[in-house]
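Everything on this sheet refers to the single structure shown next.
Nothing in this text is a laboratory measurement; each read-out follows from the coordinates by a stated rule. Just so you know, these numbers come straight off a predicted model, no measurement behind them. Note that we place each Cβ from the backbone using ideal geometry, even for glycine, and neighbour counts take in every protein chain shown.
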Amino acid sequence: MPPPFRALNIDTFAREVAAFAWTRPILRVDMHHTFYPAHADWKGLASVEGMHVFHTRDRSFDDIAQHVSIAPDGMIWTGRDWNKAPASVGCNMNADAFMFEAIGNFDEGNDRLDGAQLAAVVGVIDIVQRHHRLPVQALLFHREVPQTKKTCPGTSIEKLDILMAVAQRRREHAAIA
């Protein structure tokens with residue numbers, strides 16, 4: 001949640017989502033990438049604090065934009081209060097969204113979303129969606145909204161690949177339960 005920001009692994013994130021006192025509906029998960037910091041620029045807590053300063057001082061947001069940031073090593077950094085709408089896609093479309101930033105520039109030829117970071121991205125989407133009883137398709141890429149010209153979450157990321165990975169994770173977790 002708000003500062004001090006904390007790093008969570010996927011299991012701790014899942015427990016916190018389950019225990020959190022949600023006061024607003026979540027109808028979708030919004031996926032972004034930071035572009036900057038890219039993987040090579042990532043400095044853990046200092047980078048999250050830097051995003052907070054940029055969002056509050058330079059962009060005049062009331063808080064860091066995202067609910068969580070997913071680091072290159074797969075750690076999930078807390079951000080905006082989950083009961084506050086994110087600064088996500090604008091045009092009165094943020095109220096019912098849970099928004100995360102994957103740390104990196106995922107446009108072709110730059111960082112790759114893979115390994116622990118990809119697993120955490122898929123896990124965050126699945127955990128939030130399942131908690132709120134949402135279908136796998138309740139995922140919005142920033143570039144899908146007409147009011148942006150951004151490539152976010154990056155030209156190297158295909159939405160169908162993410163949806164298929166979330167569906168696979170959901171099947172695996174249903175088999176365990």
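Just one of the listed residues (Asn92, Asn105) is of a type in the set (S, T, N, Q) and in contact with a strand residue (DSSP E or B) (Cβ under 8 Å, 6 or more places away or on another chain), namely Asn105.
Assessment of segment 49-66 against the conditions (out of contact with any Gly (no Cβ under 9 Å at 6 or more places or on another chain), hydrophobic (A, V, I, L, M, F, W, C) and assigned to a helix (DSSP H, G or I)) yields at least one matching residue.
Applying the criterion of being in contact (Cβ under 8 Å) with a residue 60 or more places away in the chain and among the acidic types (Asp, Glu) to the residues of segment 100-132, the residue that is surrounded by the most Cβ atoms within 10 Å (Cβ to Cβ) is Glu101.
Only a single item in (1) of a type in the set (D, E, K, R); (2) surrounded by fewer than 14 Cβ atoms within 10 Å (Cβ to Cβ); (3) over 13 Å from Gly104 (Cα atoms) is not met by Glu49, and it is number (2).
Against the conditions (1) touching a Phe, Trp or Tyr at 6+ places or on another chain (Cβ under 6 Å); (2) part of a loop (DSSP other than H, G, I, E, B); (3) closer than 25 Å to Leu8 by Cβ, Val128 satisfies every one except (2).
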